[in-house]
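Structure record follows, encoded as structure tokens.
The values are calculated or read from the model by the stated rules, or taken from the named source; none is laboratory data. The structure presented is a predicted model; accordingly, all values stated were derived computationally and were not measured. Note that we place each Cβ from the backbone using ideal geometry, even for glycine, and neighbour counts take in every protein chain shown. The accessibility values were calculated without ligands, DNA or RNA, using every heavy atom of the protein model including side chains. Shrake-Rupley method; radii C 1.70, N 1.55, O 1.52, S 1.80 Å.
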Amino acid sequence: MSAFAIPLTVVGSINADITATTERLPGPGETVGGGTLTRSPGGKGANTAVAAARLGARTRMIGAVGTDPTGTEVIAALRQAGVTVDSIAEVDAETGTALITVDAHGENTIAVCEGANAHVSIDGHDFADDTVLTQLEIPMTVVSALARTVRGFFVVNAAPALPLPAEVIDRADLIIVNESEYAALPQLRSARSVAVTSGAKGSTLFSRGEQIAHAPARRVTPVSTVGAGDAFCAALTIALRAGIPAEAALRTANAVGAYAVTDPSARPAFPTLDHFLSETGPAHDLLPTGPGKDKDRR
């Protein structure tokens, strides 16, 4: 079994993505023609879960979908990707939907209609010592409840940028944001560990506001950035949980994110994380010898 086959639970959003690809993004009040339309499964939580499963983690998804046909479709897509879906609730609401525009340079705008994601609950779920990764397309009350409940490694992708309760910042073993989110959330300077992605400038790990590791970005030509941040979150969480040193973990997660932006899908068919680690460093020196190398850092 791979050293990266850790038990990982993702608590987050599940959406259907409706994507228009155009030459450029429309401005306020502007119509841009000549687009192409695609419909696919998405959601930050579900995208992260799929990436984690494809990278090698034993991944369970907790979320909510509607009883509509879209809900059935997005659950089937998760199952097909290797994600355990038994903990996904079906609720009396429309399945969440994201309206996405992507331009010729891979930049995007996203409007999310939360739908069933507003009804996500962790009541009745046991997390044992699982690694748990969540994000902010679900109610903040759920994120706070996770902070009080999770006993294992707890990761928060603070996207979209919203003020985090003190109990979440204090409890999180790792918070992941992009540079604009980090600038918008000054309270993160007090967090135990924050990974900040900066596009072409790479990624940086901070502890209590002090830089402790940095890794440069891999140069690629982006096709779409949708889902790239979710893939980075999955990769970094798995690598750190498996005991990979911080700089090597950042470098490997950068490689996964770079791979993701070269694919038009929000859910690329990744190689396993072993592959990316071997590409970015001396794998024989970095691969962990056993699970649980990180200590419970509460």
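Report, for the chain, the % of DSSP beta bridges that are antiparallel, rounded to 5.
The antiparallel fraction comes to roughly 40 percent.
With a ≥ b ≥ c the root eigenvalues of the C-alpha gyration tensor of the range 29-104, is it rounded (a/c under 1.5), prolate (a/b larger than b/c) or oblate?
Oblate shape, in that a/c is at least 1.5 and b/c is the bigger or equal ratio.
If Rh is defined by the Kirkwood formula over all Cα pairs and Rg also comes from Cα, what ratio Rg/Rh do you get for the range 115-217? Before the final figure, lay out each step's value.
Details: Rg = 13.9 Å, Rh = 14.1 Å.
With Rg and the Kirkwood Rh in hand, the quotient comes to 0.98.
Give me the extension gain from T221 to D129: residue separation times 0.36 nm, minus the current Cα-Cα distance, reported in nm with one decimal.
The T221-D129 span can extend by a further 29.2 nm.
Check which residues have an amide H placed less than 5 Å from I176's amide H, if you skip close sequence neighbours.
Amide H to amide H, under 5 Å and 5 or more residues apart or across chains, I176 pairs with V156, N157, A158, A195.
Counting only heavy atoms of protein chains, what accessible area per residue, in Å², does the chain have with a probe of 1.4 Å?
So the chain comes to 43 Å² accessible per residue, rounded to a whole number.
Compute the distance from the alpha-carbon center of the range 63-94 to that of the range 110-152, in whole Å.
Answer, in whole Å: 16.
Around S2, under 14 Å between beta carbons, what's the net of Lys plus Arg minus Asp minus Glu among the other residues?
With Lys, Arg at +1 and Asp, Glu at -1, the neighbours total +2.
Between T67 and T31, what is the label-point separation in nm under the 7 Å Cα-to-beta-carbon projection?
About 3.9 nm, to one decimal.
Can you compute the helix-only [θ] at 222 nm over the chain? Use -39500 (n - 2.57) per DSSP H run of at least 4 residues, normalise by all residues, nearest 500 deg cm²/dmol.
Calculated mean residue ellipticity at 222 nm is -8500 deg cm²/dmol.
Report ³J(HN,Hα) in whole Hz for each residue of the range 15-28, in order, from the Karplus equation J = 6.51 cos²θ - 1.76 cosθ + 1.60 where θ = phi - 60°; Gly and Pro get x.
For the range 15-28, the Karplus curve yields 10, 9, 9, 10, 10, 9, 9, 10, 4, 9, 6, x, x, x Hz.
Dipole of the range 1-120, Cα-centred, from +1 at each Lys and Arg C-beta and -1 at each Asp and Glu C-beta, to the nearest 20 debye?
560 debye
Of all accessible surface on the chain at a 1.4 Å probe, what whole percent is carbon and sulfur?
53 percent
Non-local amide H neighbours of A64 (under 5 Å, H modeled in plane, Pro and chain starts lacking H): which ones?
Result for A64 returns I14, A89.
About the Cα centre of the chain, how large is the charge dipole given +1 on each Lys and Arg Cβ and -1 on each Asp and Glu Cβ? Please answer in debye to the nearest 20.
Dipole magnitude for the chain comes out near 860 debye.
Given N residues in the chain, what is Rg(Cα) / (2.2 N^0.38 Å)?
For the chain, the normalised Cα radius of gyration comes out at 0.94.
Give me the net charge for the shell around R267: Cβ to Cβ below 10 angstrom, other residues only, Lys and Arg +1, Asp and Glu -1. Before the final figure, lay out each step's value.
Working: positive: R54; negative: D17, D230, D263.
Within the 10 Å Cβ shell, the charges total -2.
From a point 7 Å beyond the Cα of D274 in the direction of its Cβ, which residues of the range 1-16 have a backbone N at a distance under 19 Å?
Answer for this model: 1-8.
Within 15 Å, Cβ to Cβ, of G35, how many net charges do the neighbouring residues add up to if Lys/Arg are +1 and Asp/Glu are -1?
Here the count lands on -3.
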